[in-house]
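Below is one structure, written out as structure tokens; comments come after it.
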Amino acid sequence: MRIAMIGTGYVGLVSGACFSEFGVDVVCVDKDASKIDRLLDGIMPIFEPGLEDLVAKNVKTGNLTFTTDLVPAVKSADAVFIAVGTPTRRGDGHADLTYVYAAAREIAQALDGYTVIVTKSTVPVGTGVEVEKIIREANPEADFDVVSNPEFLREGAAINDFMRPDRVVIGTSSERAQEVMKQVYRPLYLIETPILFTKRVTAELTKYAGNTFLATKITFINEIADLCEKVGADVQDVARGIGLDGRIGGKFLHAGPGYGGSCFPKDTLALVHTARDVGSPLCIIEAVVDVNDRRKKSMAGRVIDACGGSLEGKTVAVLGVTFKPNTDDMRDSPSLDIIPTLQQNGATVRAYDPEGMAEARDLLPDVQWCDDAYQPMHGADVLVIITEWNSFRALDLERIKSLLKTPILVDLRNIYIPEEMRQAGFDYHSIGRPTA
Ligand SMILES: NC(=O)c1ccc[n+]([C@@H]2O[C@H](COP(=O)([O-])OP(=O)(O)OC[C@H]3O[C@@H](n4cnc5c(N)ncnc54)[C@H](O)[C@@H]3O)[C@@H](O)[C@H]2O)c1
């Protein structure tokens, strides 16, 4: 079994490495020559725990190779996965399918013998039909099927998610394609992973329905947190109290600064537009998008309030800028809303992130980047935690107090306990947790 993975980003590289670990012969292709050069030198273009070792191991066995040359990779493949980006299209909120369609055209020219073309990118309902049309028009003789196989991995836990997924969804009505996909995912069959075969359009929608549901859950608990602040309740206890109900479940009930990242913001927006286009608007998701946007924008206000209403001439120490821990991904991170607003309000911002600073530098100009978690705090007026990296969970509180000008901590991830912080002498501000 040979696979070509078109697009070697967060999804393509992890999926390619994991398939190669399954024993499949994988060629990862990317247009970005510098990315491929780095991979050929054993340098990972992204931070993902465990990835470097997995890649090195499978490169060594010869199961995993990298190239910029799509044609030979596709020619010899039984299945070609499209794992290119589908960002938000400028101006209208739809998913931008330019990269997917361009990849389809390139693949079409290179097909040789029966090939299954698999969209792993998150693509709106109906994209499979369009990809099929593009390939058919570009190469009328080609023998192929187009399958939808959305990816559910999470950055930061991507390898485990891929190797031991809750389920695999495969959308196709072709028996021939089903057989190839069963071969590709054989190791997961053997460990009895639920593998759902659906219509292609159903698989496409399943991915969006999953992401928008999770975004809704986060947004729900964020609004409950705001209500907790008004009535003196504790959102952590509310989340636990409802999360223990098996019908609800405890995951994705952590109140915070609003969801970000490479998927939820663009996928919620894209589904809203798909639904409007077909005359079946999703009022809940429209509200989720709106509430989350407003929430991210409002977070800087919490810092301003904690500092007595003004940041003019003040220094803010920030811990964490990535959209979540264990990734260097900055796409749509809440920090991109929060930090510029702090600066516009007259603050000097000093920040530290364990893995995200290289990505963040260009996106967050005028931030003073620091070498460790304590360095931003020297003489700062307030400390703000934006991302809940484990290394921020057990900081030396006495040291923080000695470094800060005033011991104000705005913890947008609730990683500290309000009562303990109060006893330690902090003016502590959480999300939805009373201090007294
Ligand atoms: N990042 C995630 O956590 C995640 C999870 C599930 C699904 N997804 C979906 O997977 C898709 C890919 O996301 P990502 O985060 O990996 O994107 P990414 O931007 O990290 O990677 C995409 C890669 O594709 C390459 N590329 C674009 N056009 C190409 C072409 N014609 N030939 C070869 N390479 C090409 C780019 O150079 C880039 O390296 C998106 O649709 C996304 O929604 C992402």
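A short reminder: the numbers here are calculations on the coordinates, not readings from a lab. Keep in mind it's a predicted model, so treat the numbers as computed, not measured. Cβ: placed from backbone, ideal geometry, glycine included. Neighbour counts: every protein chain shown.
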Point to revise | Residue with peak Gaussian network fluctuation, the chain [Cα springs, cutoff 10 Å], from Glu312, Glu179, Glu132 | key: Glu179
Exercise for review: At a temperature of 37 °C and a viscosity of 0.692 mPa s, determine how fast segment 307-435 diffuses translationally according to Stokes-Einstein, using the Kirkwood radius over alpha-carbon pairs as Rh; express D in µm²/s, rounded to the nearest whole number.
Suggested key: 226
Practice item. Give me the angle, in degrees from 0 to 90, between the Cα long axis of helix 175-184 and the longest principal axis of the Cα atoms of the chain, rounded to the nearest 10. Key: 60
**Study point:** Residue-by-residue Karplus 3J(HN,Hα) for segment 385-401, coefficients 6.51, -1.76, 1.60, Hz, glycine and proline x
**Key:** 9, 9, 10, 8, 4, 4, 5, 9, 7, 10, 5, 6, 5, 5, 5, 4, 4
Revision key, fill the gap. The helix 51-61 Cα axis meets the longest alpha-carbon principal axis of the chain at an angle in degrees, between 0 and 90 and rounded to 10, of 30
Exercise for review: Please state, rounded to one decimal and in Å, the Kirkwood hydrodynamic radius that segment 186-345 gives when every pair of distinct Cα atoms enters the mean of 1/r.
Suggested key: 18.0
Exercise for review: Starting from the Cα of Ser391, step 7 Å along the direction of its Cβ; do the same at Ile191; then give the gap between the two resulting points in nm.
Suggested key: 2.9
Point to revise | Crossing angle, helix 335-344 versus the chain [Cα axis fit, 0-90 degrees, rounded to tens] | key: 40
Exercise for review: Please work out the ratio of the alpha-carbon Rg of segment 60-119 to 2.2 N^0.38 Å and round it to two decimals.
Suggested key: 1.33
Study note, to complete from the structure: Per the rule of 0.36 nm per residue minus the C-alpha distance, extending Val231 to Ala33 adds in nm 65.7 nm
Check your understanding: Say the dipole of segment 148-257 comes from +1 at the beta carbon of Lys and Arg and -1 at that of Asp and Glu; which of Phe252, Val238, Ala157 then lies farthest toward its positive end?
Key -> Ala157
Review point. Of Ile135, Cys28, Thr387, which is farthest on the positive side of the dipole of the chain, counting Cα position, with +1 on Lys and Arg Cβ, -1 on Asp and Glu Cβ, and the Cα centre as origin?
Key: Thr387
Practice item. Work out how far the C-alpha atoms of segment 186-235 reach from end to end along every principal axis, then list the three figures in whole Å, largest first. Key: 52, 27, 9
Practice item. Taking only Cα atoms and a 10 Å spring cutoff, compute GNM fluctuations for the chain and point out the largest among Gly42, Gly261, Gly16. Key: Gly42
Practice item. Run down the lysines and flag those whose C-alpha is under 17 Å from the C-alpha of Lys182, throwing out any fewer than 8 positions away in its chain. Key: Lys120, Lys199
**Study point:** From phi via Karplus (6.51, -1.76, 1.60), per-residue ³J(HN,Hα) for segment 321-330 in Hz, x at Gly/Pro
**Key:** 10, 6, 6, 7, x, 6, 8, 9, 6, 9
Check your understanding: Roughly what would the spin-label model give for Glu52 and Glu141, points 7 Å off Cα along C-beta, in nm?
Key -> 4.7
Check your understanding: Which value in Å does the Kirkwood hydrodynamic radius of the chain take, with 1/r averaged over all unlike C-alpha pairs and then inverted?
Key -> 23.2
